[in-house]
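The values are calculated or read from the model by the stated rules, or taken from the named source; none is laboratory data. Quick caveat: nothing in here was measured; it's all calculated off a predicted structure. Note that each Cβ is placed from the backbone with ideal geometry, even for glycine, and that neighbours are counted across all protein chains shown.
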Amino acid sequence: MRPNIKNIAVLTSGGDAPGMNACIRAVVRTGIYNGINMFGVLQGYQGLINNNIIPMDARSVSNIIHLGGTVLKTARCLEFKTDEGMDQAYANMKAHNIDALVVIGGDGTFTGARRFSERHPVSVIGIPGTIDNDLYGSDFTLGYDTAINTVIEAIDKIRDTADSHDRLFFVEVMGRDSGCIALRSAIACGAEAVLLPEKATSLEELIRTLEIGAATKKSSSIVIVSEGHKQGGAYDIAKHVKERFNHYDTKVTILGHLQRGGSPSSFDRILGSRLGYAAVNELLKGSSRQMVGLRGNDIQLTSLDEALTAHSFKLESDLLEMTKVLSI
Ligand code: ADP
């Protein structure tokens, strides 16, 4: 039986990711299609506490599917971690008669959603939106594919100049705890080596790889470094390598926040649409405290508990082995 849900709100929280707008659009329009009153919360949980809640209609999400960032804005909100903050957020939701919440974000956002729904009678569905691809229960998170494409575009340009000058480039990409962006970018760019937070790679091993490349007449080398690599960022690694290996002129590029922006790829637009559509349909079926995610080519539910506790090592080790073989 369909639960008595009449009003649903959607928010984006934590780090923004390309594809969030496609997802917001899908949430709002699926709700309206089903006769639900839809609301948008501005600036994540902070907006719930500050009563920054606006009604949304089908036209309020027109022409946003192709935009990066999030039209609802996002924020990090420490107040939501307190009981008082959660109670204020709930009071504001009640004032708008909002029965259910769709949250788009990463593990912090899901932790907040889980605690909130334990404390107050609110149905919640989480949508994995983060460029880091570090959530259990979805093979791909929203924004990850676009971020990799952005990295690839940048590194292709770096390769042109590296090759012209016989240079060794260390390129730092995002991923404090997750090497997913680094690993897939390494494959797609033909990087000579990749350093990940999940795997200890010794400098000796790295230098050996670079020496073999130089001996077999590689005219340039690119090493992708995850920002969370245990031996330091790209500048640290480059400095250590330069002390012992001076075959090439060595340069460093930090890609930084450009990885978060840009128009979402077709994959992220479609994923965002599918996840948003599924999130509202699940709420209307009575699901709560669940995450909708992509497994294989199916949208499936994972409880927030499982998504949060099973979250951790997601790196595809077979792909790591393959990068070594293909970069000889
Ligand atoms: P992400 O969702 O991208 O992982 P954060 O870790 O910054 O980003 O989390 C986003 C927001 O989720 C935080 O600013 C906070 O409002 C909320 N949040 C995170 N952890 C908790 C928690 N333990 N209890 C309540 N809310 C939390």
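Values as computed for the structure displayed
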{"item": "Every residue from region 48-69 that is in a loop (DSSP other than H, G, I, E, B) and either within 12 Å of the ligand (Cβ to nearest atom) or among the acidic types (Asp, Glu) (or both)", "result": "57"}
{"item": "Some residue of region 139-160 being outside any helix (DSSP H, G or I), of a type outside the set (A, V, I, L, M), more than 16 Å from the ligand (Cβ to nearest atom) and within 20 Å of residue 44 (Cβ to Cβ)", "result": "no"}
{"item": "Single match in 181, 207, 237, 224 (criterion: of a type in the set (A, V, I, L, M, F, W, C) and touching a Gly at 6+ places or on another chain (Cβ under 8 Å))", "result": "181"}
{"item": "Of all residues in region 76-85 being within 7 Å of the ligand (Cβ to nearest atom) and touching a residue at least 24 places away in the same chain (Cβ under 8 Å), the one that is surrounded by the most Cβ atoms within 10 Å (Cβ to Cβ)", "result": "80"}
{"item": "Failed item in (1) in contact with a Gly (Cβ under 8 Å, 6 or more places away or on another chain); (2) surrounded by fewer than 19 Cβ atoms within 10 Å (Cβ to Cβ); (3) of a type outside the set (Phe, Trp, Tyr), with residue 129 passing the rest", "result": "(2)"}
{"item": "Residue match in region 10-19 (condition: acidic (Asp, Glu), in contact (Cβ under 8 Å) with a residue 60 or more places away in the chain and farther than 17 Å from residue 114 by Cα)", "result": "yes"}
{"item": "Residue ranges of strands (runs of 3 or more DSSP E) in region 239-328 with at least 3 members assigned by TED's automatic domain parsing to the domain that holds residue 222 and surrounded by fewer than 19 Cβ atoms within 10 Å (Cβ to Cβ)", "result": "249-254"}
{"item": "Selection count, region 86-121, where residues are more than 12 Å from the ligand (Cβ to nearest atom) and either among the hydroxyl-bearing types (Ser, Thr, Tyr) or farther than 18 Å from residue 56 by Cβ (or both)", "result": "7"}
{"item": "Residue pairs meeting the criteria (Cβ under 7 Å; at least 6 apart or on separate chains; first closer than 14 Å to residue 34 by Cβ, in region 267-294; second crowded, with 20+ Cβ neighbours inside 10 Å and hydroxyl-bearing (Ser, Thr, Tyr))", "result": "276/30; 277/30; 280/30; 281/30; 283/123"}
{"item": "Residue in region 87-107 that is assigned by TED's automatic domain parsing to the domain that holds residue 286, in contact with a Leu (Cβ under 6 Å, 6 or more places away or on another chain) and in a loop (DSSP other than H, G, I, E, B) present", "result": "no"}
{"item": "Near pairs, Cβ below 8 angstrom, 6+ apart or cross-chain, from region 101-124 (aliphatic (A, V, I, L, M)) to any residue that is near the ligand (Cβ under 6 Å from one of its atoms) and not in a strand (DSSP E or B)", "result": "103/13; 103/109; 103/112; 104/13"}
{"item": "Scan of region 164-190 for residues that are surrounded by fewer than 15 Cβ atoms within 10 Å (Cβ to Cβ), in a helix (DSSP H, G or I) and not hydroxyl-bearing (Ser, Thr, Tyr), ordered by number", "result": "165, 188"}
